[in-house]
Amino acid sequence: MLMLRFIWLGLFVLGCEKSFSSDKVSNFQFKTIDNKVLDLSQFYGKVIVVDFWATWCPPCTKEIPHFIELQEKYKNEVQFIGLNVGEKESQIREFVKSMGINYIIGYSNENIEKLFGGINGLPTTFIIGKDGKVKAKAIGYRSKEWFENQIISALRES
């Protein structure tokens, strides 16, 4: 069953959320800003938070402090992965350093985005359970509490 929920703030839509039928995400490789090539499968057994983002996106940058705190709090059970959409390495590196990001930052590409059904807005974030299935998807800004509730729920299911 497809369910969409629209989040309104005044006259602006902050984003849409789609409930999932637990689609399993195929393994993929991505390059990090440290020039390492990682596989998503390296993190199987943990809850994985994959965030598609950009430095120019205000809702993206507003969520990053939440991700930093939650990565620290759940570091043994959860792995955050930020996949930047379309920016140059120098822009990303400087931004990551200035924000003090403590989780993996890599580069998105068209093939990765297709695996997630396409990325139509930023930020777009997926919560993947220990079983590799998508537990939640958010398009647009979400609070730290929203992410923590999704993480706790995914940890309990596994």
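The values are calculated or read from the model by the stated rules, or taken from the named source; none is laboratory data. Everything numeric in this text was worked out from a predicted model, so none of it was measured. Here Cβ is always computed from backbone atoms with ideal geometry, including for glycine, and neighbour counts include all displayed protein chains. Side chains are part of the model used for accessible areas, which takes the heavy atoms of the whole protein and leaves out ligands, DNA and RNA. Shrake-Rupley method; radii C 1.70, N 1.55, O 1.52, S 1.80 Å.
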Next item on the list: Specify the residue that is farthest from Ile64 (Cα to Cα); the eligible residues are those in segment 126-148 that are assigned to a loop (DSSP other than H, G, I, E, B) and in contact with a strand residue (DSSP E or B) (Cβ under 9 Å, 6 or more places away or on another chain).
Entry: Asp131
Check: So which strands (runs of 3 or more DSSP E) are wholly in segment 8-49 and hold at least 2 residues that are farther than 12 Å from Val134 by Cα and at pLDDT 85 or above?
Finding: 29-31, 37-39
Next item on the list: Would you check if there is a residue in segment 110-125 being open to solvent by 70 Å² or more (accessible area, probe 1.4 Å), in contact with a strand residue (DSSP E or B) (Cβ under 9 Å, 6 or more places away or on another chain) and more than 16 Å from Phe43 (Cβ to Cβ)?
Entry: yes
Note to self: Among the residues that make up segment 63-84, is at least one of them touching a residue at least 60 places away in the same chain (Cβ under 8 Å), part of a strand (DSSP E or B) and of a type in the set (Val, Ile, Thr)?
What the structure shows: yes
Note to self: For segment 141-156, give me each residue that is of a type in the set (Lys, Arg), open to solvent by 30 Å² or more (accessible area, probe 1.4 Å) and touching a helix residue (DSSP H, G or I) at 6+ places or on another chain (Cβ under 8 Å).
What the structure shows: Lys144
Next item on the list: Just need a number here: residues in segment 72-87 that are under 19 Å from Phe43 (Cβ atoms) and surrounded by fewer than 18 Cβ atoms within 10 Å (Cβ to Cβ).
Entry: 5
Margin query: Checking the structure you have, find out if any residue of segment 85-94 is on the phi < 0 side of the Ramachandran plot, touching a Ser or Thr at 6+ places or on another chain (Cβ under 9 Å) and among the aliphatic types (A, V, I, L, M).
Written below: yes
Checklist line | Every residue from segment 90-109 that is open to solvent by less than 70 Å² (accessible area, probe 1.4 Å) and either among the basic types (Lys, Arg) or assigned to a helix (DSSP H, G or I) (or both) | finding: Ile92, Phe95, Val96, Met99
